[in-house]
Each structure stands twice: as C-alpha cells, then as structure tokens.
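Working notes, structure below.
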Amino acid sequence: MSTILVTGAAGLLGRHVVRDLLAHGHAVRGLDRRSAEEAIDWYVGDVTDPDLVATAVAGVDAVFHIAAVPNIWSGDGRAIMRVNLLGTHIVFEAAEAAGVGRMVFCSSDSVAGYTVREGRMLPPRYAPVDLDHPLMATDPYAVSKVMGEDLAQAWALRGQSVVALRTVFVAYPEMAGEIVARAKDPEGYRGPMVGGPSVAGGGPLHHHIDPRDLARAFRLALELDMAPGDFERFYLSARVTLSPEPTLDRLRRLHGDAVEIRAPEIWAENPFAPLYDLTPAATRLGFVAEYDQRHLLAGLPGFPSGD
Ligand SMILES: NC(=O)c1ccc[n+]([C@@H]2O[C@H](COP(=O)([O-])OP(=O)(O)OC[C@H]3O[C@@H](n4cnc5c(N)ncnc54)[C@H](O)[C@@H]3O)[C@@H](O)[C@H]2O)c1
C-alpha cells in the first residue's frame with residue numbers, strides 16, 4: 001500500500017483516480033480548490049500555494065499531479081500559465097524537498113498540436129503520431145502541457161522518476177449528451193447544447209478515453225519499474241475514435257495527402273483506431289483500454305446500429 005497525493009482530486013478525472021486508488025487499497029490525500037465527497041484527507045486551497053502543497057506532500061510515496069485549468073475554454077492564457085506552469089513547478093519542487101520518488105504528471109495529447117481548432121492548428125506530419133513526432137502546440141493550454149512536461153523532465157533529471165500521461169479527451173459519463181449531440185451534427189456542433197461540463201473534445205478525429213481506463217493508467221504508472229532520473233511519456237486513448245468516418249478517410253478528407261501514413265496496417269485492421277501510437281502504453285506501461293463509448297452513437301447517421 002502506498003500513500004498518494006492527488007492534486008485536482010475534486011475534479012472530474014481526479015475523483016475517478018481517487019476512487020480507483022482507494023479500491024486498490026492505497027491511502028489517498030486530495031488537494032484541490034474544493035473538497036469532494038470521497039472520504040480522504042483534503043487539502044483545500046490553491047496548487048500555487050507553496051505552504052499548502054508542502055504540507056500536503058509531506059510523507060507521501062507518490063504524487064499524481066492532475067490539477068490544472070483543463071482546456072482553453074476554462075481560463076485565459078494567463079490563468080492557464082499561472083496554474084498549469086507555476087502549479088506544476090511548485091508541486092514538483094515540494095515533492096523533491098519531501099523526498100517523493102514517483103511523480104505522475106497529467107499531460108495531454110494536445111502537446112502534439114492537433115486538438116482544438118482555435119489558433120493555428122497544424123495537421124500531424126505523419127501517422128501514427130509517436131513519441132518522436134514534433135510537438136506543435138499552438139494554443140496556451142497545449143503549450144502549458146508541453147512546458148509542464150519540460151518541467152517534469154527537469155525534476156526527473158534531478159532524481160525523481162516521472163511519468164507523463166498524454167491522455168486524449170476524457171469521455172466522462174457527464175459528457176454523454178454532448179458526445180451524442182456532436183455525432184448527430186458533426187460539422188455544425190459548436191459546444192454545449194445539452195449541458196455537460198464542457199464541449200465534446202478529442203480533436204478533429206474525435207478521440208476519447210473512458211475515465212475508468214485512465215484511472216487505471218495512473219495506477220499502472222505508480223507501479224512502473226523505474227530508476228531515479230527516468231522520465232517516460234505515453235499517449236493514451238481508447239482503441240477506437242468517436243468519429244463516424246474511419247480515421248484514414250477523415251485524415252485524407254481534412255488534409256489531403258499532407259499526413260504521411262507510416263503504418264497503414266493499423267487502420268486496415270481497425271479502421272477507427274486513433275491517430276496516436278499506443279504501442280509504448282501497451283508494451284511498457286501494460287495499458288490497453290478496456291472501454292470505449294461508441295455504443296452511445298449506435299444508430300446515429302454514419303454509425304451502424306450495434307456498432
Ligand atoms: N478532460 C479532458 O478531456 C482532458 C484531456 C487531456 C488532459 N486533461 C487533463 O486532465 C486533468 C483533469 O482535468 P478534468 O477533466 O478532471 O478537469 P476538472 O476541471 O474537472 O478538474 C481539474 C481540477 O483541478 C482543480 N484546480 C484547478 N485550478 C486549481 C488551482 N489553482 N488550485 C487547486 N486546484 C485547482 C479544479 O478545482 C478541478 O477540481 C487536467 O490536468 C487536464 O489538463 C483533461
């Protein structure tokens with residue numbers, strides 16, 4: 001059993017992660033601007049408050065750093081940089097001072113630069129997008145995750161072992177209405193129409209991951225065999241997208257021949273496979289998603305019934 005500090009523990013993802021850790025016998029502390037109903041020790045306040053963070057990390061075995069302004073719609077560029085960069089620096093600094101060896105940083109596939117239409121979103125150079133693909137973030141949120149990973153790597157070089165999880169859009173149960181609304185009118189959809197905490201995301205290819213799977217990935221990152229100084233990154237996604245169009249058809253329709261297809265067999269075998277290379281997650285982290293949400297869309301235009 002380990003003791004883990006989860007920042008952002010009262011958020012949509014944080015609560016899934018907390019429940020998964022508790023279900024697997026770990027002791028959990030939560031740091032967030034508010035508390036939630038999970039019966040854990042809560043440290044309520046701002047993640048940029050060094051005293052609060054130092055108190056919260058004292059004596060823990062690992063930190064899952066999840067607190068963030070989670071997209072470009074939830075705060076302007078300055079708020080994103082303050083919370084996502086300064087907060088990350090303060091969490092890693094406090095963890096090092098407290099002797100915490102394992103850090104898991106909640107990153108995003110937005111680092112690749114292919115998630116939101118605002119700004120100058122460039123198509124990927126090639127597919128699958130792997131860990132060698134250039135990071136082409138153009139919006140403040142995506143840049144904050146690129147720089148957050150840079151910070152995380154710097155702290156790893158000083159002796160922590162750090163995992164950065166580049167998750168795609170998390171399809172929370174609260175988002176089901178938005179996911180269906182977008183699938184009914186993919187070109188006309190412009191954000192929350194049926195409630196839900198934010199717009200249906202996942203970028204032009206409508207990637208998604210189930211929060212139960214993502215919570216498991218965090219736990220696997222906790223258990224990963226690593227040496228001090230190691231820094232590892234993983235793209236994480238469900239095995240299929242939420243798009244009515246097969247992935248390569250959609251890439252060609254949106255970008256012509258601009259995206260070099262390096263491993264067409266991936267999509268020959270699974271036409272709705274995501275853009276990202278999930279091999280490191282499978283082989284190194286031991287993570288293959290168990291869930292997907294395509295069943296929400298069965299019978300809608302472009303989606304076979306029972307798909
Ligand atoms: N939701 C997605 O589709 C998605 C995709 C990729 C990555 N992520 C990342 O996942 C993580 C969790 O996002 P989420 O979907 O649960 O969003 P969320 O808004 O539900 O959770 C974020 C939590 O962080 C807390 N927080 C924000 N600013 C804080 C501050 N200054 N001090 C203390 N706590 C603060 C919030 O109160 C909230 O509980 C974030 O790091 C986000 O960038 C989310």
Checklist entry - Which pairs have Cβ atoms under 6 Å, sit 6 or more apart or on different chains, and link a residue in the range 1-23 that is assigned to a loop (DSSP other than H, G, I, E, B) to one that is near the ligand (Cβ under 10 Å from one of its atoms) and among the hydrophobic types (A, V, I, L, M, F, W, C)? => result Gly8/Ile66; Gly8/Ala67; Ala10/Ala36
Checklist entry - Is it fair to say Ser107 is of a type in the set (Gly, Ala, Ser), assigned to a strand (DSSP E or B) and at pLDDT 95 or above? => result yes
Next on the checklist: Looking at the range 280-292, I want the residues that are over 11 Å from Ile209 (Cβ atoms) and touching a residue at least 60 places away in the same chain (Cβ under 8 Å) and have a partner that is assigned to a loop (DSSP other than H, G, I, E, B) and not charged (D, E, K, R) with Cβ atoms under 8 Å, at least 6 apart or on another chain. Which pairs are those?
Outcome noted: Pro280/Leu131; Arg284/Leu224; Leu285/Leu224
Item to check | Failed criterion for Leu236 (all others in (1) buried (at least 16 other Cβ atoms within 10 Å of the Cβ); (2) farther than 30 Å from Trp155 by Cα hold) | outcome: (2)
Checklist entry - Taking the range 165-192 on its own, how many of its residues are touching a Pro at 6+ places or on another chain (Cβ under 6 Å) and in a loop (DSSP other than H, G, I, E, B)? => result 1
Next on the checklist: Taking the criterion of being near the ligand (Cβ under 8 Å from one of its atoms), at pLDDT 95 or above, in a strand (DSSP E or B) and crowded, with 22+ Cβ neighbours inside 10 Å, would at least one residue in the range 42-54 satisfy it?
Outcome noted: no
Item to check | Candidate set from the range 258-307 (those that are in a loop (DSSP other than H, G, I, E, B) and in contact with a strand residue (DSSP E or B) (Cβ under 7 Å, 6 or more places away or on another chain)); member that is surrounded by the fewest Cβ atoms within 10 Å (Cβ to Cβ) | outcome: Arg262
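Residue by residue, here is whether (1) among the hydrophobic types (A, V, I, L, M, F, W, C); (2) touching a Lys or Arg at 6+ places or on another chain (Cβ under 8 Å); (3) near the ligand (Cβ under 9 Å from one of its atoms); (4) farther than 19 Å from Tyr235 by Cβ holds:
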{"residue": "Val63", "(1), (2), (3), (4)": "yes, yes, no, yes"}
{"residue": "Asn71", "(1), (2), (3), (4)": "no, no, yes, no"}
{"residue": "Ser74", "(1), (2), (3), (4)": "no, no, yes, yes"}
{"residue": "Leu85", "(1), (2), (3), (4)": "yes, no, no, yes"}
{"residue": "Ile90", "(1), (2), (3), (4)": "yes, no, no, yes"}
{"residue": "Ala97", "(1), (2), (3), (4)": "yes, no, no, yes"}
{"residue": "Val104", "(1), (2), (3), (4)": "yes, no, no, no"}
{"residue": "Asp109", "(1), (2), (3), (4)": "no, yes, yes, no"}
{"residue": "Gly113", "(1), (2), (3), (4)": "no, no, no, no"}
Next on the checklist: So Ser74 passes all but one of these: (1) modelled with pLDDT of 95 or more; (2) of a type in the set (Ser, Thr, Tyr); (3) within 22 Å of the chain's Cα centre (by Cα). Which condition number does it fail?
Outcome noted: (1)
Checklist entry - Can you pull out the residues in the range 218-276 that are farther than 24 Å from Gly302 by Cα and without any contact (Cβ under 8 Å) to a residue 12 or more places away in the chain? => result Glu223, Asp225
Next on the checklist: When you scan the range 110-130, do you find a residue that is on the phi > 0 side of the Ramachandran plot, assigned to a loop (DSSP other than H, G, I, E, B), without any contact (Cβ under 8 Å) to a residue 40 or more places away in the chain and crowded, with 18+ Cβ neighbours inside 10 Å, even just one?
Outcome noted: yes
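Hey, among the residues in the range 159-212 that are of a type in the set (Phe, Trp, Tyr) and under 20 Å from the mean Cα position of the chain (by Cα), which one's nearest to the ligand (Cβ to nearest atom)? Reasoning before the result, please.
Filtering the range 159-212 down to residues of a type in the set (Phe, Trp, Tyr) leaves 169, 172, 189.
If we keep only those that are under 20 Å from the mean Cα position of the chain (by Cα) too, we end up with 169, 172.
On the way: Phe169: 4, Tyr172: 7 Å.
Here the residue is Phe169.
The values are calculated or read from the model by the stated rules, or taken from the named source; none is laboratory data. Since we're looking at a predicted model, the values are computed, not measured. Cβ: placed from backbone, ideal geometry, glycine included. Neighbour counts: every protein chain shown.
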